[in-house]
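Engineer: I have a structure I would like to understand better, so I am pasting it below and will then ask my questions one at a time.
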Amino acid sequence: MKNWIDMELLATSNIANKVRNTRLPRTKPLMPLFEVISNSIHSIEEAIQAGLLEADEGQIIIKCIRNGSNDTLSQLKEIDNYPIHSFNVEDNGIGLNEDNMASFVEADTDHKIDIGGKGVGRFVCLKAFDMMQISSQFIDKNKENKQITFDFKPTKIGFENIKWTDSPISRTGTNITLSKLKDTYQKNLDFSLHSVASEIVAHFKLYFITGKAPKIIIRNQNTIEFDLNTLFITEFKSDVLDTSFTVEGETFNLFLTKSLKN
């Protein structure tokens, strides 16, 4: 399977330099999470286009991983005051198949340029977190279920512990852990689950407004969770105004919303 990964390109890409030259203000600690969620949304859209999912079957599960024993935190009713040090994001999208993995390896990829992607999202993640731990199931070009796992770190090569295997499950999808948020960013993060959920809705508001967001759930290590589509309906939708207008035969949709920060 390694023949579809350009190992020479991998060896010449200096990931540490890319991360060092990537700008991420300390006041935007959730931007890496937004990047991962955005990739999950696009992956689900690809899976739907490929006929692997129905239009309403896309799902993203986000877990906030907080300081403290998982066993202890799972027993507590209120854990929002415990600092978040990592996020886990799991989707049922198309996975890191040959094309997607090749673009992940390429430092300056233009793989998603047609949908506004700048090819720097993974470097933004490593700017704020110590590493990304990735496991992905996909269908290869021979129509076989495969799995790739690896760690992505701010080192020269960046890729460690790469393993290709037959997938133990038949479905596709990707599981990513943004591991160990750096102190400079953690100090600017509101640890409330509701706050994090609201920030995600605000960032992806157009997806929710147009009904194109998949099912997105964010949860703590206890039983508390938010369905972000429901959160949008109950707390955001009433503030959205919309209209349409036509210019020289072209129809445009206009949405007016309030900024969360204001």
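Engineer: Rounded, prolate or oblate for the range 65-212? Axes are the square roots of the Cα gyration tensor eigenvalues, ordered a ≥ b ≥ c, and the cut-off for rounded is a/c under 1.5.
Structural biologist: prolate
Engineer: Okay, next question. Is the shape of the range 120-205 best called rounded, prolate or oblate, per the rule: a/c under 1.5 gives rounded, else a/b larger than b/c gives prolate, else oblate, with a ≥ b ≥ c the square roots of the Cα gyration tensor eigenvalues?
Structural biologist: oblate
Engineer: If you don't mind, there's one more thing I want to ask. Ignoring ligands, DNA and RNA, what accessible area per residue does the chain give at 1.4 Å, in Å²?
Structural biologist: With the other protein chains kept in place, the chain gives 55 Å² per residue.
Engineer: In the chain, which helices (entire DSSP H runs) extend 18 Å or more along their own long axis, judged by Cα positions, while averaging at least -0.5 on the Kyte-Doolittle scale?
Structural biologist: 31-49
Engineer: Moving on to the next point. How much of the accessible area of the range 150-206, probe 1.4 Å, is carbon plus sulfur, in whole percent?
Structural biologist: That fraction is 50 percent.
Engineer: Sorting check: for 217-229, 86-98, which peptide has the highest mean count of neighbouring beta carbons within 10 Å, and how do the rest follow?
Structural biologist: Output ranking for 217-229, 86-98: 86-98, 217-229.
Engineer: Using a 7 Å offset from Cα along Cα-Cβ at ILE162, what residues in the range 137-153 end up with backbone N under 19 Å from the label point?
Structural biologist: Only 137-142, 146-153 pass the distance filter.
Engineer: What FRET efficiency, computed as 1/(1 + (r/R0)^6) with R0 = 30 Å and r the Cβ-Cβ distance, is obtained for ALA50 and GLU225, rounded to the nearest 0.05?
Structural biologist: Computed FRET efficiency for ALA50 and GLU225: 0.55.
Engineer: Starting from the Cα gyration tensor of the range 158-221, take the square roots of the eigenvalues, sort them a ≥ b ≥ c, and report rounded, prolate or oblate (rounded when a/c is under 1.5, otherwise prolate if a/b is larger than b/c, else oblate).
Structural biologist: The shape class here is oblate.
Engineer: Further, regarding this structure: Where the only charges are on Cβ atoms (+1 Lys, Arg; -1 Asp, Glu), what is the dipole of the chain about its Cα centre, to the nearest 20 debye?
Structural biologist: My answer is approximately 1040 debye.
Engineer: Please find the FRET efficiency linking HIS203 to LEU76, where r is the Cβ-Cβ separation and R0 is fixed at 25 Å, and quote it to the nearest 0.05.
Structural biologist: That pair, HIS203 with LEU76, gives E of 0.30.
Engineer: At THR234 and ASP130, where each label point lies 7 Å from the Cα along Cα→Cβ, what is the point-to-point distance in nanometres?
Structural biologist: The answer from the label model is 3.6 nm.
Engineer: At what distance in nm do the modelled label points of HIS194 and PHE255 sit from each other, each positioned 7 Å from its Cα along Cα→Cβ?
Structural biologist: 2.4 nm
The values are calculated or read from the model by the stated rules, or taken from the named source; none is laboratory data. Fair warning: this is a prediction, and the values are worked out from it, not measured in the lab. In this analysis, Cβ positions are derived from the backbone assuming ideal geometry, glycine residues included, and neighbour counts consider all displayed protein chains. Remember, those area values only see protein heavy atoms, side chains included, never the ligands or the DNA or RNA. Shrake-Rupley method; radii C 1.70, N 1.55, O 1.52, S 1.80 Å.
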